[in-house]
Amino acid sequence: MRRSFCTLATADADGAPHAVGINYAFVDGHLYLATGRLTKKVRNIRQNPRVAVYIAIRKYPMGPPWSIQFQGMATVLSHDDPEIAGLRKAGKLKNITRFGVMEKVGSDGCFLKVKPARKIHTYGLGIPLLTLIRDTSQGERTVELN
């Protein structure tokens, strides 16, 4: 997957929303995100593991970006979790660790693992551009994963 930036939406136990842009790595059907364990998104996920993810895909310079949206369940993994250690050793988390994020947060660093729900919503993907130009409401699709 070439994309590496998404918007992650979380909510606390009372339902107050929070959205943040963040880099991700897609590995074996899960999104992994590196962050600090004291951040609002981590506090929210500890209270409420349900998240939403939005990935914009700019294909053309005009019109709305194509996109992928889905809900999922998130877990917080420590920076020294064996799963994370194995993925880092295999180089599968380079997209999210190469910017020095883990060095900045040090021992307060952690990773988020998001398992997408089976239902994925898209806009524009697989739709002819002329169809979208004529009627932007024709770009929405829903896909159910096995």
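The values are calculated or read from the model by the stated rules, or taken from the named source; none is laboratory data. Here the structure is a predicted model, which means the values were calculated and not measured. So basically every Cβ, Gly included, is an ideal-geometry build from the backbone, and we count neighbours across all protein chains shown. Please note that ligands, DNA and RNA were not included when accessible areas were found on the heavy atoms of the full protein model with its side chains. Shrake-Rupley method; radii C 1.70, N 1.55, O 1.52, S 1.80 Å.
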- When the scattering of segment 37-146 is computed by the Debye formula from its Cα atoms alone, each counted once and equally, what is log10 I(q)/I(0) at q = 0.10, 0.14, 0.21 Å⁻¹? -0.43, -0.75, -1.11
- Note on the structure: Residue separation between R98 and H18 times 0.36 nm, minus their alpha-carbon distance, gives in nm 26.3 nm
- Task: Let me know the number of lysine pairs in the chain closer than 24 Å at the Cα, not counting same-chain pairs under 8 apart.
- Result: 21
- Go ahead and estimate [θ] at 222 nm for the chain from helices alone: -39,500 (n - 2.57) per DSSP H run with n ≥ 4, summed, over the residue count, rounded to 500. -5000 deg cm²/dmol
- A117's amide H: which non-local residues (gap 5+, or another chain) put their own amide H closer than 5 Å, with H modeled 1.01 Å from N in plane and none for Pro or chain starts? Q71, G72, M73
- Query: D135 versus R46, label points 7 Å from Cα toward the beta carbon: distance in nm?
  - Reply: 5.0 nm
- Task: Between beta-carbons, use under 9 Å as the cut-off and find the net charge around Q47, counting Lys and Arg +1, Asp and Glu -1.
- Result: 0
- Nearest-20 debye value, the chain charge dipole, Cβ charges on Lys, Arg, Asp, Glu: 300 debye
- Query: Roughly how many percent of the accessible protein surface of the chain is carbon and sulfur, given a 1.4 Å probe and a whole-percent answer?
  - Reply: 54 percent
- Note on the structure: Relative contact order in percent for the chain (Cα pairs under 8 Å, 6+ apart) equals 25 percent
- Computed Kirkwood radius, in angstrom, where 1/r is averaged over Cα pairs of segment 55-111: 13.9 Å
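Can you give the accessible area per residue of the chain, in Å², using a 1.4 Å probe?
Values: 8650 Å² over 146 residues.
Per-residue value: 59 Å².
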- Task: Based on the mean of other Cβ atoms within 10 Å per residue, sort peptides 50-62, 33-45 so the most packed one is first.
- Result: 33-45, 50-62
- Task: Could you calculate the contour length gain from A117 to K59, that is, 0.36 nm times the residue separation minus the distance between their Cα atoms, to one decimal place in nm?
- Result: 18.4 nm
- Message: Below 8 Å, C-alpha to C-alpha, sequence gap of six or more: please give me the relative contact order for segment 1-75 in percent.
- Response: 30 percent
- Determine how many Å³ per residue the convex hull of the Cα atoms of segment 1-73 encloses. 98 Å³
- Item | Inter-part distance where segment 85-146 and segment 13-79 are each reduced to a Cα centre, Å | 8 Å
